[in-house]
Amino acid sequence: MKIKNLQTKLFATTLTAVAICLAGCETTNPNGKSESAASPASASASAGKNHFPVHYQAADGRTISVGSDSAANDGWVFREPHMERCWLADNFNFNGYDVLYIAPTLSTAKFNDDEVAPHEVAKQNIPLELQRDLELRGVFPKIVTSESDIPAGAHALKLQNTIVEYKKGGGAARYWVGMYGGGQPIVRVLGKMTDGDKTVFEFDMRRSGVSAGAHVFGAYMKDTDIQLEDIRSLAVDLGDFVSAIAGKFPPKN
């Protein structure tokens, strides 16, 4: 009887945690901002006050939100629900380039001695996961992670990423408070796209244990495995934004 009661409580706890992690919107929403937070922006879009549509239909059926936009600094600032900050230059839509060059990841983050190795893994995984996701989008004909692989004479767009916040997390903390975000890895990335000397796109994205599994079973997962899920989440959400603005996803009312 005691075992049955324990199993029932564990099952109920798991369902509750999954519901908490996944509630809020159809799009991936790893930084805790709900789609409902963008609803005033959606209302503005319906009233025709946005330069860009707010919602798009992804090829896999998901509804993508890029948030409302407003003019700023010769471009557009988006209240993108998956980014801390998002700015796009006027008349820029990611199209018309021969190659996207994803440069090696920089870092200005402060971290402890025991975080050196996983931090380096994160630096390596960011360009690899971005390349893997963006290659599926069909926006850029060629994507490289080495400058020497840029074809001579190619019209190239450069993406430079910088880690500005980093924590590897810890299984012991996740055992006790992982369901509430404790002990989860943290990675925050500032990204900048440039066409020559001109900045055309900037973003700020933060991830910390975005998956339901990281919250429910995180005590039994490696820090680097959880962080890889976070980086993949970041790559998917960035890819969704790029695809929407590039015209790969149709607007959705």
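A short reminder: the numbers here are calculations on the coordinates, not readings from a lab. In this text the structure is predicted, and so the values were computed from the model without any measurement. So basically every Cβ, Gly included, is an ideal-geometry build from the backbone, and we count neighbours across all protein chains shown.
Pairs to check: 123/192; 123/252; 167/198; 222/248; 123/158; 142/248. Give those whose C-alpha atoms are more than 27 Å from each other in this structure. Listed pairs above 27 Å: 123/252; 167/198; 222/248. Annotation: extensible slack from residue 165 through residue 246 equals 26.2 nm (criterion: 0.36 nm per residue apart, minus Cα-Cα distance). Each of residue 113 and residue 93 was given a label point 7 Å from its Cα along the Cα-to-Cβ line. The distance between the two points is 5.4 nm. Scanning residues 5 or more positions from residue 107 or on other chains, those with amide H under 5 Å from its amide H are 163, with H placed 1.01 Å from N in the peptide plane. Working from label points 7 Å from Cα in the Cα-to-Cβ sense, the residue 142 to residue 121 distance is 3.3 nm. Under the simplified labelling scheme, the residue 84-residue 198 pair shows an inter-label distance of 2.9 nm, with each label point 7 Å from Cα along Cα→Cβ.
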